[in-house]
Amino acid sequence: MHKPLTIAEAQPAPTYPRTDTTMAVTRSEIADTIADTSLPADRSDLLAAATTAGARPEVITLLETLPARTFGTLRDLWPYLRHVPID
């Protein structure tokens, strides 16, 4: 026979908040970051706008992955950033 568990043994170990404060970049954050950019704009224009707006390094890194082309609308970015969540 198995010995019954005490309450302390049956309780799951406590979890602690993550110490990693890096949050995932979202499409909303990208849109907010480049909101003052006049479209159409190319990748370098978007990067300049993001830098001027004080974007997080993670946003800059994502924008650097865009192809060197002109984007007519904000929606034109999303096929290249499919893995980025909306919110």
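Residues satisfying the criterion are absent from segment 2-23 (criterion: loosely packed, with under 13 Cβ neighbours inside 10 Å and modelled with pLDDT of 95 or more). Tallying residues that are in a loop (DSSP other than H, G, I, E, B) and surrounded by 13 or more Cβ atoms within 10 Å (Cβ to Cβ) within segment 34-82 yields 7.
The values are calculated or read from the model by the stated rules, or taken from the named source; none is laboratory data. The model shown is predicted, which means the values in this text are computed figures rather than measured ones. Backbone-built Cβ (ideal geometry, glycine too); neighbour counts: all protein chains shown.
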